[in-house]
Amino acid sequence: MTVNQGEARSICLLVSSYGDGIYTNAVYEVKFKHGGEVPVIRHVAKFREGYCPRVARVFNRSNLYYFGDYGGFIVDMETWSKCSSITPTPASNSRETIVYAYDKVYYLARRTCLRPVKEPSFGRYDHNQKVWEKMTPFPFYDDYDHHMRMTGYAVCHGVILFSLCGLINGDFCIVAFNVGRMDWNRVKFDTSACLAPPFQGRAVVVGKTIYALYGETEIIAFSFQMEKCGDDDIAYSLSQLFILQCLEFARPLMPWFDDLTQCLVHLGNHDFFYVQTGWCDSHLKVQYLSITTFQIVVGEGGGHIIKTIHSIVHSVDIKGSEWFDLVLCFTPECEDYEHTEEESMASMNQPRQEITAMKLEIEATQHEEEIDAQVGY
């Protein structure tokens, strides 16, 4: 996926709102050109199916999957209409997290002190049969307190990386589910390098680098490795590459209160789209979005830096609601980049000297692209 100056782009913002005692799920579209025009935001669709804060996208089916406490529904993105319902997950007695990877939707049950998890704790949705398929049970519940939650995830190398955190003791770690091998594994990760879980929401994968939001103004880049061990085992590790600081973005004149929500979207090349929103004042009839595009480039000192291209605050009519939260953001024209297991296995089978040479070649190519890239919004 590439981005050219002057090219028209669009981003879909999926939000969950509340007003007059009713929860609503809405879709907004942000249209802009990579060159300088003020973005245009339009209201696309609204679904009054109750509180459905968990949404997944399956690009090849052009579907959105909305999930609430008692099941959910599927939306056709070509017509923006509801096309079918979804039965509750088998772990509906527990709170579950929804993730999507390789054109499949998965759930992972979350244990609480009031609702212990009953199997199946992990599964995926069979779209053709319209049923939940039982998967390999999650084996690490006893490693966390009863308030364990998943803070975010990343999809690459045929693996789903889950960022987990215990809310009482604050311990966090990364675990991996290998989609092809259908097994769970711990991921070696130096937790001392981060003060909080590394993934917040779905991380962005660009090539072999994982980018994740860290607070409001920082982005952390990670590298994920898989290495063959004896007895056909695979060792997984996640390494922090660098921290990108000073993400500059426009803010509304009225300060945001708590409950900020934000999303990061890859536009192609080294270009990204960042959106943030929050609650300002309940008496307002609009809510503000801070919309920013930026590039990750190599600075004068040789390190990676954030180069803000354009940032603007845009007001959105909240259609009678009191507030809305960002739930999911994506480019409708492009699927998320998900490095496949076959590519990873081929990389693992290469001699170490070939891998080193390949890494140097990739870094040199990226540096040349960053120098030649045209700046625009």
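Observations on the structure shown:
- Fewest-first ranking of 226, 182, using other Cβ atoms within 10 Å as the exposure measure: 182, 226
- Cα gyration tensor, the range 245-303 - rounded (a/c under 1.5), prolate or oblate: prolate
- Summing charges over neighbours of residue 233, with a neighbour being any other residue whose Cβ is under 11 Å away from its Cβ, gives -2 when K and R count +1 and D and E count -1.
- Backbone geometry of the range 227-243 corresponds, through the Karplus equation with coefficients 6.51, -1.76 and 1.60 at θ = phi - 60°, to 3J(HN,Hα) couplings of 9, 5, 10, x, 6, 6, 7, 10, 9, 10, 8, 10, 10, 7, 8, 6, 10 Hz, x marking Gly and Pro.
- Extending 7 Å from the Cα toward the beta-carbon at both residue 223 and residue 18 defines two label points whose distance is 4.4 nm.
- Which of 267, 128, 207, positive extreme of dipole for the range 8-372 (C-beta unit charges): 128
- Placing +1 on each Lys and Arg Cβ and -1 on each Asp and Glu Cβ, with no other charges, gives the range 134-203 a dipole about its Cα centre of roughly 300 debye.
- Mean-position separation - Cα centroids, the range 64-82 and the range 189-234, in angstrom: 30
- Working ranking of peptides 166-172, 272-278 by packing, defined as the average number of other Cβ atoms within 10 Å per residue, highest first, is 272-278, 166-172.
- Couplings 3J(HN,Hα) of the range 12-27, computed from phi: 9, 10, 9, 10, 10, 10, 9, x, 6, x, 10, 8, 10, 10, 10, 10 Hz, in residue order, whole Hz [Karplus 6.51 cos²θ - 1.76 cosθ + 1.60, θ = phi - 60°; x for Gly and Pro].
Laboratory data are not the source of any read-out in this text; all were calculated from the coordinates shown. Just so it is clear, the structure is predicted and the values come from calculations on it, not from any experiment. Reconstructed Cβ throughout: ideal geometry from the backbone, glycine too, with neighbour counts over all protein chains shown.
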